[in-house]
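Chemist: Can you keep this structure in mind? I'll have questions shortly.
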Amino acid sequence: MFAHRHLLGIAPLSPQEITGILDLAEEYAALNLQGAKRADRLTGRTQINLFFESSTRTMASFELAGQRLGADVMNMNVLASSMNKGETLIDTAVTLNAMHPDLLVVRHGSSGAVDLLAQKVNCAVLNAGDGRHEHPTQALLDALTIRRRKGRVQRLTIAICGDIANSRVARSNILCLNKLENRVRVIAPPTLLPSGIDRFGVEIFTDMQAGLEGCDVVMMLRVQNERLSGAAFPSTREYYHRYGLTSEKLALAAPDATVMHPGPMNRGVEIDAELADNAERSAIQEQVEMGVATRMAVLDLLARNLEAA
Amino acid sequence: MSLHLLNARLIDPATGYDGPGALRIEGGEIAEVLRGPSPTVPGIDCENKVLAPGLVDIRVFVGEPGAEYRESFRTAGASAAAGGVTSFVAQPDTTPCLDDPALVQFALARAVQSAPVNVHVMGALTKGLKGREMAEQSFLLDAGALALTDGDHVVENAKLLRACMAYASGLGALISHAVQEPSLSHGTCATSGEMASRLGLPAAPAIAERMALERDLALVEATGCSYHAAQISTEAALPPLHRARDRGLDVTAAVSIHHLTLNEFDIADYRTFFKMTPPLRSEEDRLAMVEAAASGAVDIICSSHNPAG
């Protein structure tokens with residue numbers, strides 16, 4: 001049901017494989033609510049979390065997921081600034097490979113770096129985000145969250161709003177939600193839309209009000225305001241005025257529309273603080289919860305293929 | 001001592017002949033060109049392969065001096081000879097760069113010692129290829145530089161470039177210049193579009209080339225200098241070239257073999273060995289370049305050989 005050695009992106013997955021991951025993640029979500037949260041699927045396995053880009057939540061989520069499955073988990077933070085890129089990346093991979101890990105979870109600031117690393121090691125590689133390319137577990141946990149909230153993740157109208165151009169979360173989500181037969185909209189100023197977006201199978205809106213109309217789900221993206229203010233939009237306050245999600249704008253979406261955000265949030269930049277905390281509308285906490293369950297499912301599936309290999 | 005090269009496809013640009021033929025060589029010189037069916041005499045059977053004058057490659061980056069581990073005159077010369085290239089022009093992008101007459105002489109002397117083909121060099125257009133001060137044009141030419149160029153670097157400052165061109169026009173010197181608008185292309189490795197966006201690669205729009213070329217041609221018109229666009233790769237660069245020629249400006253342009261044979265899809269799966277400057281273009285642009293090379297709209301095909309990594 002899951003015929004891949006690595007999870008490098010959503011692109012190579014079939015809709016059936018995605019649904020299979022979500023089903024297994026659902027089981028782990030139930031397990032995570034129990035007092036004894038341990039499953040022994042990965043007992044004896046070694047999982048290394050290799051992060052070349054700083055991350056708190058994703059690394060914690062992967063660490064917990066591995067531990068709950070019984071794996072020995074090691075975290076490695078390698079800041080890109082101390083690296084000489086290219087060669088050192090491969091050197092690091094080869095060195096770690098010699099320690100015989102079973103699962104390697106990798107985040108890197110350059111698109112394609114995780115693909116490159118996967119070619120150099122014998123273990124299963126899990127992409128925890130590479131540059132602006134893909135962040136597959138985020139898209140999977142988002143799909144699971146939507147399925148739990150809406151009862152399905154199919155034939156829904158879903159808006160992704162914010163920095164589409166620089167976001168790997170947006171790319172993975174567009175791929176994943178399209179594969180599951182949803183109607184995907186992107187909402188952003190033209191400066192934050194990647195070139196060729198018209199060929200991604202999405203509806204494009206530069207007017208947020210128009211884009212939100214009738215949406216079942218509104219996914220907000222983090223805006224790197226310190227880098228983009230003045231370059232991609234005039235100011236943080238103008239961005240918030242045009243593209244920040246407020247209760248008033250949300251009223252244009254479907255009456256029960258769900259609000260999502262991959263975190264960490266910039267309150268008052270892309271989303272109104274009160275709205276973010278509104279448990280009825282916002283699924284942001286549930287996304288974090290589903291993150292651990294989804295990562296458990298993916299680690300489990302990749303480990304099963306290790307056995308088969 | 002006579003040698004016959006038989007059953008060849010003879011290509012002779014001087015007479016425009018392209019057809020079957022043979023050559024008789026006496027004492028290292030061509031004694032007779034035999035068109036049509038080859039005579040039955042002892043000799044080397046060319047099996048209908050192309051027999052032509054040695055190719056000239058006007059844009060080659062060699063790492064000597066300073067980066068011989070990448071490419072030296074010896075290795076570049078051997079590669080050139082193996083490909084039928086009997087003369088090439090090395091670019092001044094070395095360490096130190098060829099911005100001093102003594103360095104031009106040194107490079108030429110090294111090349112004579114170690115390369116089995118004819119090697120020429122271009123001298124730096126600006127000191128240190130930094131685009132801040134004019135290099136010693138007439139001294140560089142006297143030392144043996146064929147033309148002046150900043151190689152892969154673009155002179156951003158229009159005032160300086162105008163001065164370089166005006167001064168060169170007084171010397172009758174040729175200026176070769178890379179055409180990429182730096183503020184758009186800096187830090188990028190692909191051409192903007194669906195492909196680069198899906199891969200999450202930093203990309204520059206194809207118009208970066210046309211913008212730089214239009215600026216250069218306006219300065220050529222103002223100064224009357226002889227100008228060579230070191231490499232063009234997009235359809236949008238062709239109309240400005242035609243206009244410049246229609247006005248009688250002394251302008252030529254080259255296209256690299258890569259931009260005639262490869263397109264942006266070749267970088268898929270992060271095949272970094274297809275990373276080029278300028279980046280590979282769309283299939284439409286590739287076809288336009290093939291057409292331009294065939295029609296003569298582009299004057300020269302070069303290798304733009306650059307093992308810089």
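Chemist: Check B:LEU98, B:LEU129, B:LEU140 and return the single one that is crowded, with 20+ Cβ neighbours inside 10 Å and at positive phi.
Modeler: On the way: B:LEU98 fails: at positive phi; B:LEU140 fails: at positive phi.
Only one candidate qualifies: B:LEU129.
Chemist: For residues that are assigned to a loop (DSSP other than H, G, I, E, B) and among the small types (Gly, Ala, Ser), scanning just the stretch A:256-292, find the one that is most open to solvent (accessible area, probe 1.4 Å).
Modeler: Narrowing the stretch A:256-292 to residues assigned to a loop (DSSP other than H, G, I, E, B): A:256-257, A:261-266, A:268-270, A:272, A:278-281, A:283.
Filter once more, so that each one left must be among the small types (Gly, Ala, Ser): A:257, A:263, A:268, A:279, A:283.
Numbers: A:ALA257: 1, A:GLY263: 18, A:GLY268: 35, A:ALA279: 79, A:ALA283: 0 Å².
This residue is A:ALA279.
Chemist: Additional query: Kindly list, by first and then second residue, each pair from a residue in the stretch B:267-293 that is within 14 Å of chain A (Cβ to nearest Cβ) and under 19 Å from A:SER111 (Cβ atoms) to a residue that is of a type in the set (Phe, Trp, Tyr) and in a helix (DSSP H, G or I), limited to pairs with Cβ atoms under 8 Å and residues at least 6 apart or on different chains.
Modeler: As it stands, the answer is B:ILE267/B:PHE274, since those pairs meet every condition given.
Chemist: Turning to a different aspect of this structure: Can you work out which of the residues in the stretch A:7-19 that are in contact with a Cys (Cβ under 9 Å, 6 or more places away or on another chain) and part of a loop (DSSP other than H, G, I, E, B) is surrounded by the fewest Cβ atoms within 10 Å (Cβ to Cβ)? Before the answer, list the steps.
Modeler: Let us first name the residues in the stretch A:7-19 that are in contact with a Cys (Cβ under 9 Å, 6 or more places away or on another chain), namely A:10, A:13, A:18.
From what's left, part of a loop (DSSP other than H, G, I, E, B): A:10, A:13.
Numbers: A:ILE10: 26, A:LEU13: 23.
Among them, the one singled out is A:LEU13.
Chemist: Can you report the number of residues in the stretch A:130-153 which are open to solvent by less than 30 Å² (accessible area, probe 1.4 Å), part of a loop (DSSP other than H, G, I, E, B) and away from every other protein chain (no Cβ under 14 Å)? Can you show your working first?
Modeler: First, the residues of the stretch A:130-153 that are open to solvent by less than 30 Å² (accessible area, probe 1.4 Å): A:130-131, A:133-146, A:153.
Of the ones still in play, those that are also part of a loop (DSSP other than H, G, I, E, B) are A:131, A:133, A:135, A:153.
From what's left, away from every other protein chain (no Cβ under 14 Å): A:153.
Number satisfying all stated conditions: 1.
Chemist: Got a number for residues in the stretch A:20-79 being under 28 Å from A:LYS179 (Cβ atoms), among the charged types (D, E, K, R) and in a loop (DSSP other than H, G, I, E, B)?
Modeler: 2
Chemist: Are there any pairs, at least 6 apart or on different chains, whose C-beta atoms fall under 6 Å, with the first in the stretch A:272-298 and over 20 Å from A:THR58 (Cβ atoms) and the second part of a loop (DSSP other than H, G, I, E, B), and if so, which?
Modeler: Short answer, once both residue conditions are applied: A:ASP272/A:THR246.
Chemist: Turning to a different aspect of this structure: Scan the stretch A:154-175 residue by residue and report those that are within 13 Å of chain B (Cβ to nearest Cβ), out of contact with any Gly (no Cβ under 6 Å at 6 or more places or on another chain) and either among the hydrophobic types (A, V, I, L, M, F, W, C) or open to solvent by 20 Å² or more (accessible area, probe 1.4 Å) (or both).
Modeler: Within the stretch A:154-175, the subset within 13 Å of chain B (Cβ to nearest Cβ) is A:163-172, A:174-175.
Among the residues that remain, those that are also out of contact with any Gly (no Cβ under 6 Å at 6 or more places or on another chain) are: A:163-167, A:169-172, A:174-175.
A:ILE164, A:ALA165, A:ASN166, A:VAL169, A:ALA170, A:ILE174, A:LEU175 - these are the residues of the stretch A:154-175 that are within 13 Å of chain B (Cβ to nearest Cβ), out of contact with any Gly (no Cβ under 6 Å at 6 or more places or on another chain) and either among the hydrophobic types (A, V, I, L, M, F, W, C) or open to solvent by 20 Å² or more (accessible area, probe 1.4 Å) (or both).
Chemist: Right, next: In the stretch B:162-213, what residues are open to solvent by less than 40 Å² (accessible area, probe 1.4 Å), part of a helix (DSSP H, G or I) and closer than 21 Å to B:SER282 by Cα?
Modeler: If the condition is that a residue be open to solvent by less than 40 Å² (accessible area, probe 1.4 Å), part of a helix (DSSP H, G or I) and closer than 21 Å to B:SER282 by Cα, then B:PRO182, B:SER185, B:MET195, B:ALA196, B:SER197, B:LEU199, B:ALA208, B:GLU209, B:ALA212, B:LEU213 are the ones that fit.
Chemist: Can you run down the residue pairs with Cβ atoms below 7 Å, 6 or more apart or on separate chains, where the first is in the stretch A:202-230 and β-branched (Val, Ile, Thr) and the partner is surrounded by fewer than 15 Cβ atoms within 10 Å (Cβ to Cβ)?
Modeler: Pairs found: A:ILE204/A:ASP198; A:THR206/A:PRO190.
Chemist: Any chance you could count how many residues in the stretch A:158-192 are part of a loop (DSSP other than H, G, I, E, B), farther than 13 Å from A:ARG242 by Cα and touching a strand residue (DSSP E or B) at 6+ places or on another chain (Cβ under 7 Å)?
Modeler: 2
Chemist: Separate question: Pick from A:ASN122, A:ASN127, A:ASN178: which is within 14 Å of another protein chain (Cβ to nearest Cβ) and either surrounded by fewer than 24 Cβ atoms within 10 Å (Cβ to Cβ) or without any contact (Cβ under 8 Å) to a residue 24 or more places away in the chain (or both)?
Modeler: Working: A:ASN122 fails: within 14 Å of another protein chain (Cβ to nearest Cβ); A:ASN127 fails: either surrounded by fewer than 24 Cβ atoms within 10 Å (Cβ to Cβ) or without any contact (Cβ under 8 Å) to a residue 24 or more places away in the chain (or both).
Just one listed residue meets the conditions, A:ASN178.
Chemist: Here's another thing I want to ask about it. Starting from the stretch A:91-111, take each residue that is over 18 Å from A:GLN67 (Cβ atoms) and list its partners that are assigned to a helix (DSSP H, G or I) and of a type in the set (D, E, K, R), counting only C-beta distances under 9 angstrom and pairs at least six apart or across chains.
Modeler: Between residues of the stretch A:91-111 that are over 18 Å from A:GLN67 (Cβ atoms) and residues that are assigned to a helix (DSSP H, G or I) and of a type in the set (D, E, K, R), the close pairs are A:SER111/A:ARG168.
Chemist: Kindly indicate whether any position in the stretch A:191-200 is within 14 Å of another protein chain (Cβ to nearest Cβ) and polar (S, T, N, Q). Working first, answer last.
Modeler: First pass over the stretch A:191-200, keeping only residues within 14 Å of another protein chain (Cβ to nearest Cβ): A:191-200.
From what is left, the residues that are polar (S, T, N, Q) are A:191, A:195.
Yes, the stretch A:191-200 has at least one match.
So that you can scan it fast, the table gives a plain yes or no per residue for (1) among the charged types (D, E, K, R); (2) closer than 29 Å to B:LEU249 by Cβ:
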{"site": "B:LEU108", "(1), (2)": "no, no"}
{"site": "B:ALA135", "(1), (2)": "no, yes"}
{"site": "B:LEU146", "(1), (2)": "no, yes"}
{"site": "B:ARG162", "(1), (2)": "yes, yes"}
{"site": "B:ALA173", "(1), (2)": "no, yes"}
{"site": "B:VAL179", "(1), (2)": "no, yes"}
{"site": "B:THR191", "(1), (2)": "no, yes"}
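Chemist: Residue under question is A:ASN84, and the condition is that it be within 13 Å of chain B (Cβ to nearest Cβ), open to solvent by 10 Å² or more (accessible area, probe 1.4 Å) and at pLDDT 95 or above; does it hold?
Modeler: Values: within 13 Å of chain B (Cβ to nearest Cβ): yes; open to solvent by 10 Å² or more (accessible area, probe 1.4 Å): yes; at pLDDT 95 or above: no.
Considered against the rule, which asks whether it is within 13 Å of chain B (Cβ to nearest Cβ), open to solvent by 10 Å² or more (accessible area, probe 1.4 Å) and at pLDDT 95 or above, A:ASN84 comes out as no.
Chemist: Condition (residue is at pLDDT 95 or above, among the polar types (S, T, N, Q) and part of a loop (DSSP other than H, G, I, E, B)) applied to the stretch B:69-80: is it met by at least one residue?
Modeler: yes
The values are calculated or read from the model by the stated rules, or taken from the named source; none is laboratory data. Here the structure is a predicted model, which is why all the values come from computation and not from measurement. Quick reminder, even Gly has a Cβ in these numbers, built from the backbone with ideal geometry, and neighbours come from all protein chains shown. All accessible areas refer to the heavy atoms of the entire protein, side chains included, with ligands and DNA or RNA removed. Shrake-Rupley method; radii C 1.70, N 1.55, O 1.52, S 1.80 Å.
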